[in-house]
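Okay, so here's the structure we're looking at.
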Amino acid sequence: MDEKAKVSSRFDRRTVFKSGAAAAVVGAAGASLWRSGGVARADDDDIAKIAEARGLTPEDVRAALKTYVPSGTYDETLIFASGGHSGQVLVIGVPSMRLLKQIAVFTPEPWQGYGFSDETRAVLEASAFDDKPLTWGDTHHPALSETNGEYDGQFLFINDKAHARMAVIDLRDFETKQIVKNPHILSNHGGAFATPNTDYIIDGSQYATPFGWEYAPLSEYKEKYRGAMTLWKFDRETGRIDPALSFSIELPPYWQDLADAGKGPSDGWMFSNSFNTEMATGGILEGHPPVEAGASMHDMDYLSVINWRKAAEVAAAGKTEDIKGMPMIRMATAVEEGILFQVPEPKSPHGVDVTPTGEYIVVAGKLDPHVTVYSFQKIQDAIAAGNFEQDEFGVPILPFDACVETQVELGLGPLHTQFDDQGFAYTSLFLDSAIARWKVGGEGIDGGWEMVEKLPVHYNVGHLCVVGGDTMAPQGKHLIALNKWSIDRFTPVGPLFPQNLQLIDISSPDTLQLLFDMPLGVGEPHYAQAIPTSKLAPWTVYPEVGWDPATQALSPDAPQPGKEGVVRDGNKVAVNMTSIRSHFTPDWVNLQLGDEVTWRITNIERADDATHAFALPGQNVNLSIEPGETITVSFTADRPGVYPFYCTEFCSALHLEMMGYMLVSP
Ligand code: RUQ
Ligand code: CUA
């Protein structure tokens, strides 16, 4: 039996629920639930009959009871999942696994009006590649902002791997406020990761290129191509990354994979895997091995160990080189200042994850059946003892044996690790299509560093996510496996399959239970972070009428009720409009050919969910104007005609009547 077939057969367990005999499963819990509702309208046997008629096993019923969120009640947890090459972020409720929102980040999105208003267009345009606007991204790793090593629910960051960009989302309104383009590198992967107080957002390069997006032939790879770690300075007050205080550190031309920030004793340091220490570049037709083979020849690659706090001091002291307007700490400086070290790590490492106490660093090598656990203290001891040699780039290489705490054998294709509050770690096994639960060891812990259970998942699991699972305060109720393939899980919908997010109950120390399969047909989530909803405080309407979400302040230009109108100054026309159920004021907008129009709309509603939208034919415009919001769109009236504009959000019984005429006279 091949591996997939084996896994499948484990899922072929239809011990169908039998009424009477199996009613014990619903048993006490089921019965008391019905009764506590105050309605004695069904007994256990009815539930058993439903289960039997639907062909459900006792396990199925248990899973359903644990995930069902009745109408009118809320999920206890939200996950923020990347949307992969949709370029967006997905917000999903747990345990119901209902998709609540897709936050537009790198890709224009009409429902949110993202990329159509002046304000949101500016966010996208600020991160253009030179002058070329980019209208998609490849989101991989969302990072929630942290205070003292715990999620604080204020901001979310996410990278665009395809263009090495970083986005900032404000969790007061769940909207993207800023995207910065990395001036040094062209693709990233080791980001976004927040330092424990969100001083910096870590952004590691993926494929080595010459810095500053310059040209150099592949024959000069070793001399001219480089990797880098960028530290984006985050300013909580403005809610923005401050590129002027951000900097990069030059690395050898290996490919940085994931990264993580230290915490507790390791706070001030960060860790990043480097694979392709072979420096393979492909060249299949030129007689070289393909990258997949060329980059997998060494038994050991390197874990980069970087003192970011020291690096920030060195950057502030100006010991940097300016490349495309942003400082770079050169490799030689990084070595001289004691910022950069490397430790060998086995076989094409992928994920690096610091344990909740900050004492250990867990590395998963894709081609090694173990996770390798490094001790931060041992690394520090080796550095202090000068116990290292230098590689061909001059970077100190600490000895493997001196830094490793232990290795834990888990299975095939380990990728990523998260932690819970019961002392367990969870590692995804891509090739095994399984989640391994293992016990974290260390001082005073009995029987640590060993695998305790493996749960099959469908199929090819990439990241996994536990509530707070990468923080200093993880929780132990749910784990979400983000699976790449969904063969035989869902009703076929053509050759492009949805992704499959699987919800797993990890609350019992004895056994893991798969609860729910969530097909996601809107992109490929890589990583996700989960946060209790009690830590979030989003607005349901904007604080004041005339609010500008771009500045998170009252806009001085906001059209206010009673001040609406069309104001002409030569060929410059300002349209000051308000919206309320069910009309726009003004609803006649008379323009002349060639007019340069600045059109502002304030939604003066104060009721939750009373969003109006604004579609203007011929100008490629759709705006979403949430209660209190002010929004702007500018264009040139470049074609005579009559253009009915209307509200695209079904806001009231007379929503169809919520329209007006824009007339452009020749
Ligand atoms: S990763 S391929 Cu996060 Cu495992 Cu991007
Ligand atoms: Cu406002 Cu429809």
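Every number in this text was worked out from the coordinates using simple rules, so none of it is lab data. The structure displayed is predicted, hence computed values, not measured ones. Positions of Cβ are backbone-derived with ideal geometry, glycine not excepted, and every protein chain shown enters the neighbour counts.
Give me the distance in nm between label points sitting 7 Å out from Cα along the Cα-to-Cβ direction at Ser219 and Asn590, one decimal.
Using points 7 Å along Cα→Cβ, the separation is 7.2 nm.
Taking R0 as 56 Å, what's the FRET efficiency between Arg568 and Ala316 from their Cβ-Cβ distance, rounded to 0.05?
For Arg568 and Ala316, the calculated efficiency is 0.65.
Quick check: the distance between the Cα centres of segment 621-666 and segment 437-456, to the nearest angstrom?
Segment 621-666 and segment 437-456 have Cα centres separated by 60 Å.
Test of understanding: ordering Glu150, Glu605 by Cβ neighbours within 10 Å, fewest first, what list do you get?
The most exposed by this proxy come first: Glu150, Glu605.
If you add up the charges near Asp609, with Lys and Arg at +1 and Asp and Glu at -1, over every other residue whose beta carbon is less than 10 angstrom from its beta carbon, what do you get?
My count for the surroundings of Asp609 gives -4.
Nearest 5 percent is fine: what portion of the DSSP beta bridges confined to segment 547-665 is antiparallel?
That works out to approximately 65 percent antiparallel.
Does a label point 7 Å from the Cα of Arg240, set along Cα-to-beta-carbon, have any residues of segment 90-132 with amide nitrogen under 15 Å, and which are they?
Hits in segment 90-132 for Arg240 at 15 Å: 119-128.
Highest mean first, how do 523-536, 379-392 rank when packing is the count of other Cβ atoms within 10 Å averaged over residues?
Per-residue mean Cβ counts within 10 Å order the peptides as 523-536, 379-392.
For a quick check: with amide H placed at 1.01 Å from N, whose amide H comes under 5 Å from Trp269's, ignoring anything fewer than 5 positions away on the same chain?
Sorted by chain and number, the residues that satisfy this are Gly262, Trp308.
Sequence gap at least 6, Cα distance under 8 Å: using those rules, report the relative contact order of the chain to the nearest whole percent.
Once divided by the residue count of the chain, the mean separation gives 10 percent.
Taking θ as phi - 60°, what are the ³J(HN,Hα) couplings along segment 146-160 by the Karplus curve (6.51, -1.76, 1.60), each to the nearest whole Hz, with x for Gly and Pro?
Couplings: 10, 10, 6, x, 10, 4, 10, x, 8, 9, 9, 10, 8, 8, 10 Hz.
Over segment 573-653, what relative contact order in percent results from Cα pairs under 8 Å that are six or more residues apart?
The normalised contact order for segment 573-653 reaches 33 percent.
How do 648-657, 419-428, 335-344, 45-54 rank on mean C-beta neighbours within 10 Å, highest first?
In decreasing order of mean packing, 648-657, 419-428, 335-344, 45-54 become 419-428, 335-344, 45-54, 648-657.
Whole-Hz Karplus ³J(HN,Hα) for segment 448-461, in order, using 6.51 cos²θ - 1.76 cosθ + 1.60 and θ = phi - 60°, x for Gly and Pro?
x, 6, 8, 6, 10, 6, 10, 10, x, 10, 10, 10, 6, 6
Once label points are set 7 Å from the Cα along Cα→Cβ at both His288 and Leu656, what is their separation, rounded to one decimal in nm?
So the label points at His288 and Leu656 sit 6.4 nm apart.
Based on the Cβ-Cβ distance from Ala128 to Ala537, what FRET efficiency comes out when R0 is 51 Å, to the nearest 0.05?
Taking R0 as 51 Å, the efficiency between Ala128 and Ala537 is 0.95.
Can you tell me which of 483-493, 548-558 comes out highest on packing, and rank the rest after it, using the mean Cβ neighbours within 10 Å?
548-558, 483-493
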